[in-house]
1. Which condition number in (1) surrounded by 14 or more Cβ atoms within 10 Å (Cβ to Cβ); (2) under 21 Å from the mean Cα position of the chain (by Cα); (3) among the hydroxyl-bearing types (Ser, Thr, Tyr) is the one that residue 88 fails?
2. Please go through segment 72-85 and pick out each residue that is crowded, with 21+ Cβ neighbours inside 10 Å and either assigned to a strand (DSSP E or B) or not charged (D, E, K, R) (or both).
3. May I ask you to list the residues in segment 101-115 that are within 18 Å of the chain's Cα centre (by Cα) and in a loop (DSSP other than H, G, I, E, B)?
4. Does residue 58 meet the test of being aliphatic (A, V, I, L, M), surrounded by fewer than 16 Cβ atoms within 10 Å (Cβ to Cβ) and part of a helix (DSSP H, G or I)?
Amino acid sequence: MKKNGLNTPPISAQAGFTMIEISIGLVVTGLLIAGVLRGGEFINSAKQKALINQIQSLKSAVTLSSENPRVNGLLGDGAFIPSGDFASVDGNKDGIIDQAESLQATKWLRNLKLIDGNENSPHVQNPFGGQTFLRSFYTDNSGAMEVCATNIPTSVLIELDKKLDGISGQMLWFGNFRGAPTPANATQDDVDAIAAQILAGTYSSPDPSTNENTPGFFCISI
């Protein structure tokens, strides 16, 4: 067929996608999406394992520090004999690890070579990009301690609750594992504020099943 002096193939002979080709394309797209989702699950699983290992390392470090003669009293709250050029600040010895003493406790553990990192840095970053830190259990003065971590997706918190507490898989402030949703990029101040509300009986935790992508925090007893 000629049009304007050019050869134009019939409509039936023009290039196009057949139903088979479209079907194959949809299948390939589905496989790619499934692969991405599966990859995300593997990454989350690896981060969970790394976080659990980090917690176990901190718990072991705290236990070992209590047996070290260079630590006198509660970690971060008592007195510390440093080594090398490390400048140590003793705590106020009131039996409670406040926020400043929590940061100091991390430095002590690093100076004792019980955890990795720069001994002049008070922060421990967890695999989800938040902070992992020590604090007094329920902010009481019994000397009991817990490890807390922030910026953890709520869906991951539910899974960790099942693994570490084994009660219900729900985010409840009961048992050995206690977690709750928080603002994005929550700090230790946010954790302390929520803990204070829980102690006062004024905290109302959202339904975790409706906040699976919301960041949150958890604390677990040492």
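Taken together, the values in this text are just the output of simple stated rules run on the coordinates, not laboratory data. Since the model is a prediction, treat every value here as computed from it, not as a measurement. Ideal geometry is used to build each Cβ from the backbone, glycine not excepted, and the neighbour counts take in all protein chains shown.
1. (2)
2. 74, 75, 76, 80
3. If the condition is that a residue be within 18 Å of the chain's Cα centre (by Cα) and in a loop (DSSP other than H, G, I, E, B), then 115 is the only one that fits.
4. Working: aliphatic (A, V, I, L, M): yes; surrounded by fewer than 16 Cβ atoms within 10 Å (Cβ to Cβ): no; part of a helix (DSSP H, G or I): yes.
Taking the combined requirement at face value, the residue does not satisfy it.
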